[in-house]
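Heads up: the structure comes next, in structure tokens.
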Amino acid sequence: MLVVEDEPYLAEGIRDGLRLAAIAADIAGDGDTALELLSVNTYDIAVLDRDIPGPSGDEIARRIVASGSGTPILMLTAADRIDDKATGFELGADDYLTKPFALRELVLRLRALDRRRAHNRPPVREIAGLRLDPFRREVFRDGRYVALTRKQFAVLEVLVAAEGGVVSAEDLLARAWDENADPFTNAVRITVSSLRKRLGEPGIIATVPGVGYRIETGRG
């Protein structure tokens, strides 16, 4: 999981305590580092201190919700007024723990969030030799694990969900990027190209000229 906390001693204490509970955690001491880690890693849960340098914990929560990843969020903060908690939940937080807190309570809350998340697992999709698990964010091709970036996975997830149907570049941009994406960018073409390389031969993503992209369901 990701723990965003700007107090170094507290952050290290949380990480060490979680490790003893067999929970692995990455630490980010500011908003920029948190966003960077979220861009390259998939986390089961995000623990966010609201008052941090750079983009605030509230902004991090907004980005997580907007990404559509479904990552549960636990707000960790000294602000304990009902209004503060209400704001956190409105932002998309799934739970709220105020400082000071007992590490055991944090662990119990994290495990409860993980159980809830497991009950809402999206189905594993299989098509043309591809096996895509949205819950674990894993992709296999003919039994071989394929390591993908967050954006590559998002694009492949949309294509696989189409079950061989054509998806336009505009639809991919709308569903795999945020609302600030430039409609004239080459991001879709570049991401699809890199995704093809990751998936290997024979090519499985077909280009339909002037229309979009689709998974070749006739293979495998």
Given the residues 207, 217, which is the only one that is out of contact with any helix residue (DSSP H, G or I) (no Cβ under 7 Å at 6 or more places or on another chain), surrounded by 11 or more Cβ atoms within 10 Å (Cβ to Cβ) and part of a strand (DSSP E or B)? 207
I need every pair where a residue in the range 76-96 that is surrounded by 15 or more Cβ atoms within 10 Å (Cβ to Cβ) has its Cβ under 7 Å from the Cβ of a residue that is among the small types (Gly, Ala, Ser) and part of a helix (DSSP H, G or I), sequence separation at least 6 or different chains. 91/61; 92/61; 93/61; 96/88
From the option list 150, 131, single residue qualifying as basic (Lys, Arg), surrounded by 15 or more Cβ atoms within 10 Å (Cβ to Cβ) and touching a strand residue (DSSP E or B) at 6+ places or on another chain (Cβ under 8 Å) is 131
Give me the residue from the range 23-36 that is among the acidic types (Asp, Glu) and out of contact with any Asp or Glu (no Cβ under 9 Å at 6 or more places or on another chain) and, out of that set, surrounded by the most Cβ atoms within 10 Å (Cβ to Cβ). 26
Could you list, in sequence order, all residues of the range 65-89 that are in a helix (DSSP H, G or I), of a type in the set (Gly, Ala, Ser) and more than 12 Å from the chain's Cα centre (by Cα)? 86, 88
Counting just the residues of the range 37-64 that are part of a loop (DSSP other than H, G, I, E, B), open to solvent by less than 40 Å² (accessible area, probe 1.4 Å) and under 28 Å from residue 138 (Cα atoms), which one comes out modelled with the highest pLDDT? 45
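The values are calculated or read from the model by the stated rules, or taken from the named source; none is laboratory data. Remember, predicted model here, so these are calculated numbers, not experimental data. Note that each Cβ is placed from the backbone with ideal geometry, even for glycine, and that neighbours are counted across all protein chains shown. Surface areas here come from the heavy atoms of the whole protein model, side chains and all, with no ligands, DNA or RNA. Shrake-Rupley method; radii C 1.70, N 1.55, O 1.52, S 1.80 Å.
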